[in-house]
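The values are calculated or read from the model by the stated rules, or taken from the named source; none is laboratory data. Bear in mind the structure is a predicted one, so any value in this text is a computation, not a measurement. Heads up, the Cβs are rebuilt from the backbone with ideal geometry, glycines too, and the neighbour counts pull from every protein chain shown.
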């Protein structure tokens, strides 16, 4: 029984980070109706940012978090202007293709520069041991930071003018434009924000596990599942969805071979799409 | 019009001359390397073994066969750790690049694919980095395995554990890929035969990065011993996370990963972890030809700045064996060289090499023996020592 509880706690901790990653994806989706397929690349950006900041510049690992937010934001805005600006509002296929190609370019550049060797950032943090199971300090720290950043995002969206503008554009772009909101700038800001969230989640993931240039893919996939669980365009739902996914993974693993977990995840994905198209956590949707 | 004609003539001349130049004095050996993808750490080590052999040989003038000297030329491509690429590239290497002999890619999975192509075209392939035996049991004529086969990998570790703690509970946690599965299939039987209890038996997907769930299962099962792993990235992560989670295991043997010098970067997480090894720098075989293990280690270190692991040694040995076979045959003719390889029973810095000529398992390595190496602390730094078999050990077991 303690094994199951330990597994659940572990799952919830990691789930908070999944939720953070998914928040970036769902924000962009909700605000400008674009499925950001460079999401994985942004996660990888965060991972490598941690590696270089920690090893080359000697920054303490968690000190890299604010830096990554800024880097992710800047890169996100660049990606917006290169790949997304002209396809916002057009057919979905166009934005999919556009962001997909951008992703290929970014990952290709990354592979050329860093190859697909595994990189590791050792973060010595004492963990919490309970009944023989240890919850690593890095897991706990990552979950705390994920919740903190999610809280900051909430403050941004609901307590600042920029946040209000973002929500207005998400609601109805034309009306917002008519009200004098510079929607293009707001969109690029929102995209940058989504990318920043993805990048910082990558940084947190890098404190937990080793990574390669190709690691972003797996987390991008989880982000899609979480986004669906939480409802498109619903960041609070995304966080809860992430925790829920972590919880499900935690409950499932003690009872079945570990290789079955992705099957459960994707069955859930399909079930939610059919039964709760607006997401299980749609009641937390902002308006 | 005349310019075009001139260009055509020039091109034809160039082609003819380059063809003859290539054909006469070079020995072309083809292979793929996983420069990218999950297998790149070990595959590049293997490639360095090949290259060191080639560079030393060419510095002496090349391979001597039938009164002529042939310089060794490699044709190699990045297979991206992917089977589909291996298939395409080996076909290209044989048909377009006209390689006369082949080395294998790294890892049993990729070698199985390469073997299909090499057998289709009847080319000799020395396989290194490939321990799974199934590949040799499908009725081949031209495969020659340099490594000991998979079923022997964990036999030594299981024997050692049985001696240290006959009541040990063993967790088998391994990667879901051809090599690891082959090793664990034999290991499973060997554990039961040794009278040890199997507390857990699970495979993990090759894509796994988070071993937390499975480690919690190991803790729940109250295991004392963990055997398994896969290749470098998952093995290194598993070792690191076992340490972080304080799994309380008394003995951990992981495949492949701990043999790489890069494993030392795990610091304290590396200490105590053991690995079944095809070769270690400290071995003291007396070679019939070629350098001793110590000489090879020193030359490798001089060239690449790191100590060689067994992947590099296997690559180098493949080159040595092919060279010896060609020199003995006195020709580059496939049939005659294969004949020599089939009759071969020699010792190199890698150990004893003898290929099986039983048509049901042609090419399987019969003579080579494995050792177990363990990371231990010397002067506060992790260092690899040989702990098994007792005849070859350089240090005592850390349990």
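Return the residues of the stretch A:113-139 that are at the interface with chain B (Cβ under 8 Å from one of its Cβ atoms) and assigned to a loop (DSSP other than H, G, I, E, B); say none if nothing qualifies. Hits for the stretch A:113-139 are A:115, A:116, A:117, A:118, A:120, A:122, A:127, A:132, A:136. Condition check for residue B:262 on (1) in contact with a helix residue (DSSP H, G or I) (Cβ under 8 Å, 6 or more places away or on another chain); (2) away from chain A (no Cβ under 12 Å); (3) not in a loop (DSSP other than H, G, I, E, B): one failure, at (2). Looking across the stretch B:192-210, the residues that are closer than 26 Å to residue A:130 by Cα and at pLDDT below 85 come down to B:208, B:209, B:210.
In the stretch B:130-138, the count of residues that are in the same structural domain as residue B:327 (by TED's automatic domain parsing), under 26 Å from residue B:235 (Cα atoms) and surrounded by fewer than 17 Cβ atoms within 10 Å (Cβ to Cβ) is one or more. Just one of the numbered conditions (1) farther than 30 Å from residue A:53 by Cα; (2) within 12 Å of another protein chain (Cβ to nearest Cβ) is not true of residue A:280: (2).
Any idea how many residues of the stretch B:327-352 are in contact (Cβ under 8 Å) with a residue 40 or more places away in the chain and touching a helix residue (DSSP H, G or I) at 6+ places or on another chain (Cβ under 6 Å)?
Narrowing the stretch B:327-352 to residues in contact (Cβ under 8 Å) with a residue 40 or more places away in the chain: B:327, B:329-332, B:334, B:337-338, B:341, B:346-352.
Next cut, touching a helix residue (DSSP H, G or I) at 6+ places or on another chain (Cβ under 6 Å) only: B:329, B:337, B:341, B:348-350.
Looking only at that region, the number is 6.
Every condition in (1) surrounded by fewer than 21 Cβ atoms within 10 Å (Cβ to Cβ); (2) within 29 Å of residue B:221 (Cβ to Cβ); (3) more than 14 Å from chain B (Cβ to nearest Cβ) is met by residue A:271 except one, and the failing one is (2). Answer yes if at least one residue in the stretch B:317-325 is out of contact with any strand residue (DSSP E or B) (no Cβ under 6 Å at 6 or more places or on another chain) and closer than 23 Å to residue B:38 by Cα, and no otherwise. No, the stretch B:317-325 has no match at all.
Considering (1) at pLDDT 90 or above; (2) within 14 Å of chain A (Cβ to nearest Cβ); (3) at negative phi, the lone condition that residue B:228 does not fulfil carries the number (3).
Within the stretch B:256-278, being at positive phi and crowded, with 19+ Cβ neighbours inside 10 Å holds for B:256, B:272. Screening residue B:317 with (1) in a strand (DSSP E or B); (2) in the same structural domain as residue B:66 (by TED's automatic domain parsing) gives one miss only, at (1).
Within the option set B:333, B:345, being in contact with a strand residue (DSSP E or B) (Cβ under 6 Å, 6 or more places away or on another chain) and surrounded by fewer than 16 Cβ atoms within 10 Å (Cβ to Cβ) holds for one residue only, B:345.
Candidates are the residues of the stretch A:204-220 that are farther than 21 Å from residue A:144 by Cβ and assigned to a helix (DSSP H, G or I); the one that is farthest from the other protein chains (Cβ to nearest Cβ) is A:220. Would you mind stating whether residue B:146 is under 30 Å from residue B:119 (Cβ atoms) and touching a helix residue (DSSP H, G or I) at 6+ places or on another chain (Cβ under 6 Å)? Here the answer is yes, as residue B:146 does meet what is asked. Would you check which residues across the stretch A:225-277 are touching a strand residue (DSSP E or B) at 6+ places or on another chain (Cβ under 6 Å) and in a helix (DSSP H, G or I) and list them? Hit for the stretch A:225-277 is A:258, nothing else.
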